[in-house]
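Written below as structure tokens is the structure these notes are about.
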Amino acid sequence: FDKGLDTFVEVCYRLAEMKVRFRAYIAGPTQDAQVKALVEQVTQDLPESVHYIGPLYGEQKDDFYQQLDVFVFPTKYVNEAEPLVLYEAATHGAMLVGTRRGCMQQVIDSLGGHSFQEDESLAASIAGLLQQAQQQQAFAQHQRLARSDRFARVQRAAKQSLNSLVSEFKSSHVSRS
């Protein structure tokens with residue numbers, strides 16, 4: 001629940017109420033009894049729309065991200081910082097949607113996604129955004145490619161910054177020797 005599963009499930013129910021056609025996937029382990037019960041309930045209530053696929057590793061995880069139009073990560077985890085899953089999803093052109101924990105707002109915004117405040121309207125806000133994005137064809141192939149290209153540009157800029165920082169450290173170390 002810290003990673004926002006309850007909010008994600010609420011988004012799914014809201015989309016169904018709004019008559020939005022969608023297919024949602026829940027990935028990851030369900031060892032906690034409450035988590036398992038919630039996943040079982042939503043997959044029973046919305047069997048055409050919500051699917052549990054379990055933990056993913058290696059190529060399976062890459063394939064999962066490659067198939068997503070949007071990656072919804074409404075985390076409430078107190079110590080969330082800059083989750084790798086955002087970059088993994090963005091690599092493949094998925095639209096990012098999440099909360100503003102840690103560095104998430106900056107990451108999501110830089111990659112053209114949407115970040116939200118954590119409040120009682122979070123699930124409704126996300127569902128509304130997804131409905132609008134679907135209507136505006138934000139999940140079309142050319143949009144996906146544009147998001148993937150944006151990720152590549154952000155990644156190149158980050159590598160250049162890192163290289164510059166390393167060079168600065170090296171020259172600083174040499175001048176002190």
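The values are calculated or read from the model by the stated rules, or taken from the named source; none is laboratory data. Small disclaimer: the values here were computed from a predicted structure and weren't measured. All Cβ positions, glycine included, derive from the backbone under ideal geometry; neighbour counts span all protein chains shown. We work out accessible area using only protein heavy atoms, side chains counted, and drop any ligands, DNA or RNA first. Shrake-Rupley method; radii C 1.70, N 1.55, O 1.52, S 1.80 Å.
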Report summary line: Among the residues of region 29-64, the number that are within 15 Å of Val9 (Cβ to Cβ) and part of a helix (DSSP H, G or I) is 12
Requested in this report: Output the residues belonging to region 106-124 that are closer than 20 Å to Leu68 by Cα, in contact with a strand residue (DSSP E or B) (Cβ under 7 Å, 6 or more places away or on another chain) and assigned to a helix (DSSP H, G or I).
Outcome: Ile108, Asp109
Query - Hits in region 1-18 - residues which are open to solvent by 60 Å² or more (accessible area, probe 1.4 Å) and under 12 Å from Leu130 (Cα atoms) - result: Arg14, Met18
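Taking Gly58 as the residue in question, decide whether it is touching a strand residue (DSSP E or B) at 6+ places or on another chain (Cβ under 9 Å) and open to solvent by less than 80 Å² (accessible area, probe 1.4 Å). Even if it seems obvious, please write down each step before you answer.
Details: touching a strand residue (DSSP E or B) at 6+ places or on another chain (Cβ under 9 Å): no; open to solvent by less than 80 Å² (accessible area, probe 1.4 Å): yes.
Criteria not met by Gly58.
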Query raised in the report: From Val72, Val97, Val85, which residue is out of contact with any Pro (no Cβ under 8 Å at 6 or more places or on another chain) and either of a type in the set (D, E, K, R) or not in a helix (DSSP H, G or I) (or both)?
Result: Val72
Report summary line: Taking region 94-132 and the residues there that are open to solvent by 40 Å² or more (accessible area, probe 1.4 Å) and among the hydroxyl-bearing types (Ser, Thr, Tyr), the one that is farthest from the chain's Cα centre (by Cα) would be Ser121
